Amino acid sequence: MKRGQPVSIVLSGLMISVLLAGCGLLVPDGGNSQEPLLPADDAVADVEAIVAEAGVSVVAGVLLSVSADPMYENGLYEFLQVYTGTGNEIAVWSADSDGVSSEPESVRTFAGPGVPVDALDVEGMVASARELRETVDGCDEATVELSSVPSGAVARWASCSDGGLSQYVPGTATLDGEVVPDVFDPASAEGVASLVDVVRRVYGTTSVLDMVQGTPVLGAGENNVSILVTGMPIDDMECTPVFSVTSSYSDTGEVVVPVSPSCGVADYPPDKGLVAFDLGSFDPAGLAGVWSAMNEAGFATEDMSGLHFFSSDGRMLIVRTSPNDPGDEGWETTIAAS
């Protein structure tokens, strides 16, 4: 059967995903068939066909989605995309009844070295997407994605959409199969220690260029992505991997994918005076205590948009506030490595 054509574009967490409705229509059997024409082994075959055509042994990422087919009762679309290349030079591949095709990918960037083809668990991705669609309320379209991160670990996560924007499903982010916390409290030593551990697992090092924390004072419905960490530039790539995690201070319930770094521009951060510092060499309690220290110095949290952690010598960490009103006085302190 000829598979469907592209019909939707959906946002996935911090990254924009092009999701094509097609690949595996269900033909109703008495109006109640639940068995897709594209079983997991066909998805595996599609990946094998794509990597053979692309001539690669590693892929930048894989996206697999399962969504409802509005034309058939109890029908489903299953769609698979494979990304190849590095940095900003990415191609997106798909397979249908006409064969394998590819086109340049202008939206996505990848910050890792790629996932070996032998390490892909496509059957597991299919099973996870189907299960999410059945078990998560309002999950009309379930998407499972994977890619590598700069350390070489394989990151995987899932998202759901009920016809609107795609939202990351909390608890589904893993690195090499191990679950990663979704939320980190930047004002507790334990939270900072957990964050540093994830930085190490994502980057393969705790040496970073800078870290930015948004204010913990947030209103309902506001963006609660509050910590952004900029790693070191990747060799031979115009790419500085940047990833975000979520502060525990928001009550919106929305979190971002905590394992998915994207490629920043080569000259990020713009301050040429910044040098790398080892985030792991600073006492987590000292890093967590800067908010209360700022308050004790007479600066209200609600008057600040966030804090910037950076270094000019690699040994002393500078912490600087960003006032909501550019005309207001800011606050600054330093933290010495342990």
Item to check | Spherically averaged projected area in nm², based on the convex hull that wraps the Cα atoms of segment 48-189 | outcome: 10.5
Checklist entry - For segment 297-313, in order, what is each residue's ³J(HN,Hα) by Karplus, 6.51 cos²θ - 1.76 cosθ + 1.60 with θ = phi - 60°, in whole Hz (x at glycine and Pro)? => result 7, x, 10, 7, 4, 5, 8, 10, 8, x, 10, 10, 10, 7, 9, 10, 10
Checklist entry - Points 7 angstrom from Cα along the Cβ direction at Asp185 and Ala45: gap in nanometres? => result 5.3
Checklist entry - Ordered by residue, what ³J(HN,Hα) values in Hz, to whole numbers, does segment 231-238 give under the Karplus form 6.51 cos²θ - 1.76 cosθ + 1.60, where θ = phi - 60° and Gly and Pro are x? => result x, 7, x, 8, 4, 6, 9, 7
Next on the checklist: From the P(r) of segment 100-146, could you give the percentage of C-alpha pairs in the tail past 14 Å?
Outcome noted: 67
Checklist entry - Given the Cα-Cα distance of Asp140 and Ala193 and 0.36 nm per residue of separation, how much length would full extension add, in nm? => result 15.4 nm
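Coordinate-derived values only; no laboratory data. Since the model is a prediction, treat every value here as computed from it, not as a measurement. A quick note on method: Cβ atoms are made from the backbone with ideal geometry, for glycine too, and the neighbour counts reach across all protein chains shown.
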